[in-house]
Number of protein chains: 2
Amino acid sequence: MLKLSRQYLNWIQNSVFEGEITEVKLKELKQRAKNMMEPEEDSLIIFKSRDVKWLEKETVGKEKNELDTFL
Amino acid sequence: MLKLSRQYLNWIQNSVFEGEITEVKLKELKQRAKNMMEPEEDSLIIFKSRDVKWLEKETVGKEKNELDTFL
């Protein structure tokens with residue numbers, strides 16, 4: 001699946017998180033991430049969409065991933 | 001970093017890929033992913049933005065990840 005996806009797109013990150021977050025909470029997350037990460041090795045990429053209607057989401061395969069519980 | 005991110009957002013996927021792709025190529029990718037995945041286990045989530053100006057992107061830490069080369 002990694003190999004397949006890389007034939008079409010560029011790999012950019014190891015894990016994906018999703019959710020609605022306030023500007024204050026996002027600032028806090030970024031600050032805590034900065035304090036924790038190795039600046040030459042790690043990265044956190046944030047995609048923001050101001051309105052959910054501008055971002056189309058489609059799932060192929062299993063809708064919810066229960067692996068979540070184990071991480 | 002996983003633990004930190006999960007305090008603010010929901011974990012949804014293991015790898016992230018990014019890029020511009022045509023509708024035809026995306027259809028091909030989805031079909032090939034379907035053929036390859038375990039429908040009860042795997043998932044591919046696609047976020048589409050029709051215009052790059054609707055999607056704000058920000059990076060904290062290292063801008064480009066050379067790990068890309070090894071996957």
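The values are calculated or read from the model by the stated rules, or taken from the named source; none is laboratory data. This is a predicted model, so every value here is computed, not measured. Neighbour counts run over all protein chains shown; Cβ positions are idealised from the backbone, glycine included. These accessible areas exclude ligands, DNA and RNA; they are computed on the full protein's heavy atoms, side chains included. Shrake-Rupley method; radii C 1.70, N 1.55, O 1.52, S 1.80 Å.
Answer yes or no as to whether A:Leu71 is open to solvent by 90 Å² or more (accessible area, probe 1.4 Å), aliphatic (A, V, I, L, M) and at pLDDT below 80.
Numbers: open to solvent by 90 Å² or more (accessible area, probe 1.4 Å): yes; aliphatic (A, V, I, L, M): yes; at pLDDT below 80: yes.
So A:Leu71 passes the test.
Anything in region A:7-29 that is within 7 Å of chain B (Cβ to nearest Cβ) and open to solvent by 40 Å² or more (accessible area, probe 1.4 Å)? List them, or say none. Don't jump to the end; show me each part of the working.
Residues of region A:7-29 within 7 Å of chain B (Cβ to nearest Cβ): A:8-19, A:21, A:25, A:29.
Result: A:Asn10, A:Asn14, A:Phe17, A:Glu18, A:Gly19, A:Ile21, A:Lys25.
So which residues in region B:16-25 are within 26 Å of A:Leu44 (Cβ to Cβ) and not charged (D, E, K, R)?
Step one: list which residues in region B:16-25 are within 26 Å of A:Leu44 (Cβ to Cβ), which gives B:16-21.
Selection gives B:Val16, B:Phe17, B:Gly19, B:Ile21.
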